[in-house]
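Trainee: There's a structure below that I have some questions on.
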Amino acid sequence: MRKLSAFILFVAVLGLTTVSAQKSKITSGVLDFDQGRYEEAVESLEEGLSHPEMFKKTRDMAKGYFYLAKAYYSLLGNDDLAEKYPDAALKAKKAFDQMQATPDGAMYQNRAILENLSENIWGQVYNKGVNLFNSNEDDDALTYFIAAQELNPEHFLTNRMLASAYLVKADTANTVELLSKAISVYKSKYIDTDQAQLATMMEDEGFSQIADLDKSQLSYVVRQLAVIHEGQGKTEEALSVLEDGAKLLPEDEDVRRQELSIYQAHPDLFERATAKFEAQMESNPEDNAIRLAYASMLERAGKNDEALALYQKAYDQDNENLQANYGLAAIRINMAAELSEKRTQTNNDNEIDQYNEQIKTLCSEAYPYLVWLHNAQPNEPEWVSQLVNVTPIIGKTEEMMQWAEKLGKMRRGEN
């Protein structure tokens, strides 16, 4: 019995010694930190926290994690140490999380808030993520952005960058969730808030710069989310995102044009699209891109006269616009082809003569635009082929032979 008791006593003393040694290491680490010896502080604190199950007072453990987070963060202020400890930012974040998870972590939470510890660690983690992302180190960037989002879930750019990191990894579900989250964060911070208070905050140069940066990135977030929805066949969701985005960014032409491009691609939305295009042209009467997009949509809908009128307006504004020249030629060529088909279905000489006259008129009108297109794109065989077809109809037989010879050389690969 005496031997057994002695063994129990020995184990108990050993346990107390271990606890004492761990507490001593934490005390030593705190002292090292206070004296600016951050690397030594990290070593002592890591050793002191190596067996958290041995602590009788979790406040000692909370203290250790608090100072370990600060020590790792402080390493980043020294270039040599930051290079030696490349994952110091992530380790600072891990220690901060462990402090919060400790039963007595609340004892140091207020100090962390006063010292802006979480925000400081987040800044380092986020910036490292950006650098990795820009260097195409996608896996590591994703790790850092996840950590940054955990530290600051309501930060617009963090959600935006984490979404981009997931997009690179082809993780569509997380990308959509985070892009949507970014928009929600933006609304909460700048829209669904006290505007008088926001105006006062905008007087601060630092806040104003952040707001401008957020706004500059919002367009990408909105458009990327719409692209994903449209790619998944969720056209209404895509249009809803773009419509809301246009309200948030009333002066952003890219968002409006993307919305119009979706309408343009869906003939079943023609009536809604018409209203959208008309409204945009009224508010932007000099915007040829919108005018041409609308003309293209009308052309596909078979509304040739309306499309021609818009192509003509675009041409009058810029007679070297490729799409305007193409539209003015293509619609007439297609109309001539339709009349030619109708001509084959009648034996009435008067109707045939009328069709011939209309076809000749259309081809004559298309001719100068085809010549311009050829001059603009001399290596494009389509324009030469069309000129071969059109010139005999309008009485330019000799010219047709020249175009035919040129087309033959192009098809043979000759200069």
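Trainee: Which ones in the stretch 274-326 are more than 24 Å from P250 (Cα to Cα) and either of a type in the set (S, T, N, Q) or in contact with a strand residue (DSSP E or B) (Cβ under 8 Å, 6 or more places away or on another chain) (or both)?
Mentor: S296, N304, Q312, Q317, N319, N321, Q323, N325
Trainee: Something else now. Give me the pairs: first residue in the stretch 101-118 and under 15 Å from G64 (Cβ atoms), second residue among the polar types (S, T, N, Q) and part of a loop (DSSP other than H, G, I, E, B), beta-carbon distance under 9 Å, and six or more apart or on different chains, which are they?
Mentor: Hits for this filter: Y108/T102.
Trainee: Could you tell me whether A101 is open to solvent by 50 Å² or more (accessible area, probe 1.4 Å) and within 31 Å of the chain's Cα centre (by Cα)?
Mentor: So A101 fails the test.
Trainee: Right, something else. Condition check: surrounded by 13 or more Cβ atoms within 10 Å (Cβ to Cβ) and either closer than 30 Å to A173 by Cβ or out of contact with any Ser or Thr (no Cβ under 9 Å at 6 or more places or on another chain) (or both). Does D244 satisfy that?
Mentor: In short, yes.
Trainee: Give me the pairs, please: first residue somewhere in the stretch 256-278 and hydrophobic (A, V, I, L, M, F, W, C), second residue anywhere and in a helix (DSSP H, G or I) and open to solvent by 50 Å² or more (accessible area, probe 1.4 Å), beta-carbon distance under 7 Å, and either six or more positions apart or on two chains.
Mentor: Short answer, once both residue conditions are applied: L260/K276; I262/E230.
Trainee: Now a separate question. Being in contact with a Leu (Cβ under 6 Å, 6 or more places away or on another chain) and open to solvent by less than 70 Å² (accessible area, probe 1.4 Å) is the filter here; which residues of the stretch 119-143 pass it?
Mentor: Passing the criteria: W122, Q124, A141.
Trainee: All but one of (1) in contact (Cβ under 8 Å) with a residue 40 or more places away in the chain; (2) within 24 Å of K303 (Cβ to Cβ); (3) loosely packed, with under 13 Cβ neighbours inside 10 Å hold for P368; which doesn't?
Mentor: Among (1) in contact (Cβ under 8 Å) with a residue 40 or more places away in the chain; (2) within 24 Å of K303 (Cβ to Cβ); (3) loosely packed, with under 13 Cβ neighbours inside 10 Å, P368 violates only (1).
Trainee: Going through the stretch 163-177 one residue at a time, which ones are free of Cβ contacts under 8 Å to residues at least 60 places away in the same chain, touching an Asp or Glu at 6+ places or on another chain (Cβ under 9 Å) and open to solvent by less than 50 Å² (accessible area, probe 1.4 Å)?
Mentor: Answer for the stretch 163-177, where residues must be free of Cβ contacts under 8 Å to residues at least 60 places away in the same chain, touching an Asp or Glu at 6+ places or on another chain (Cβ under 9 Å) and open to solvent by less than 50 Å² (accessible area, probe 1.4 Å): A165, Y166.
Trainee: Let me spell it out: the conditions are (1) among the aliphatic types (A, V, I, L, M); (2) open to solvent by 30 Å² or more (accessible area, probe 1.4 Å); (3) more than 17 Å from the chain's Cα centre (by Cα); (4) under 28 Å from D214 (Cβ atoms), and A92 meets all of them except one. Which number is the exception?
Mentor: Single failed check for A92: (2).
Trainee: In addition: Is there any pair with a first residue in the stretch 402-415 that is open to solvent by 70 Å² or more (accessible area, probe 1.4 Å) and a second that is part of a helix (DSSP H, G or I) and among the basic types (K, R) whose Cβ atoms are under 8 Å apart and which are 6 or more apart or on different chains, and what are they?
Mentor: If the second residue must be part of a helix (DSSP H, G or I) and among the basic types (K, R), the pairs left are N415/K409.
Trainee: For the stretch 375-384, which positions are surrounded by fewer than 17 Cβ atoms within 10 Å (Cβ to Cβ) and either part of a helix (DSSP H, G or I) or not acidic (D, E) (or both)?
Mentor: N375, A376, Q377, P378, N379, P381, E382
Trainee: Right, another one. Can you confirm whether D214 is over 23 Å from Y73 (Cα atoms), surrounded by 19 or more Cβ atoms within 10 Å (Cβ to Cβ) and within 18 Å of the chain's Cα centre (by Cα)?
Mentor: For D214, the condition - over 23 Å from Y73 (Cα atoms), surrounded by 19 or more Cβ atoms within 10 Å (Cβ to Cβ) and within 18 Å of the chain's Cα centre (by Cα) - is met.
Trainee: Hey, could you check the stretch 42-97 for residues that are among the polar types (S, T, N, Q) and in a helix (DSSP H, G or I) and say which is modelled with the lowest pLDDT?
Mentor: Residue satisfying both the conditions and the ranking: T58.
The values are calculated or read from the model by the stated rules, or taken from the named source; none is laboratory data. Source: prediction; values computed, not measured. Glycine also receives a Cβ, built like all others from the backbone with ideal geometry; neighbour counts cover every protein chain displayed. Ligands, DNA and RNA are excluded from the accessible area calculation, which covers all protein heavy atoms including side chains. Shrake-Rupley method; radii C 1.70, N 1.55, O 1.52, S 1.80 Å.
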